[in-house]
Structure formats: structure tokens, C-alpha cells
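One structure below.
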Amino acid sequence: MATSRQRKVTRPYIIFVVVMFLLMIFPLYGLANHVFPLVLGLPFGLFWVILLELIAFCVLCFFYRYEYGNGGKHE
């Protein structure tokens with residue numbers, strides 16, 4: 001249950017999840033699915049997946065901090 005002090009990020013979260021999903025499936029992933037160039041010694045396709053996972057982690061941390069704010073402290 002969301003209290004009145006909690007912010008709702010449902011719509012931006014759903015848009016984010018859909019965009020991340022689309023970047024990981026065939027039509028858009030095909031643009032990044034190459035062995036060369038190597039990035040940090042990884043094939044570009046693997047680097048693409050790792051980069052998207054890191055972006056997803058950071059954005060989800062942001063969504064959490066935005067929605068729950070003051071570390072659980074309510075004024």
C-alpha cells in the first residue's frame with residue numbers, strides 16, 4: 001500500500017522495462033550483435049548486454065530512491 005508521502009513511478013517504470021526489453025530482443029539487439037569491435041576485451045554483443053544490465057541497475061536504484069525518499073523516514 002502506498003502512503004500519501006510515497007511517490008508513484010508506475011508509468012515511467014513500465015516504460016523503462018519495455019525499452020530495456022526491446023533493447024535485448026532480436027530487432028534491436030541485432031544492431032549490437034557483433035564480435036568486433038572488442039570493448040574491454042569483450043565482444044560488442046556481450047558488452048551491450050552487460051551495459052544494459054548496469055544501466056538497469058542504476059535506474060532501478062534511482063526509482064527506488066525517488067519513490068521511497070528519505071530512507072524510510074517519514075516526517
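Readers should treat all values here as calculations from the given coordinates under stated rules, not as data from a laboratory. These numbers come from a predicted model, not from an experiment. Note that each Cβ is placed from the backbone with ideal geometry, even for glycine, and that neighbours are counted across all protein chains shown.
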Pop out the ³J(HN,Hα) list for the stretch 12-18 in order, Karplus 6.51 cos²θ - 1.76 cosθ + 1.60 with θ = phi - 60°, rounded to Hz; leave Gly and Pro as x. x, 5, 5, 4, 4, 4, 5
Between I55 and M24, what is 0.36 nm times their sequence separation minus the Cα-Cα distance? Round to one decimal in nm. 9.9 nm
Report the label-to-label distance for F36 and T10 in nanometres (one decimal), using points 7 Å from each Cα along the Cα→Cβ vector. 5.0 nm
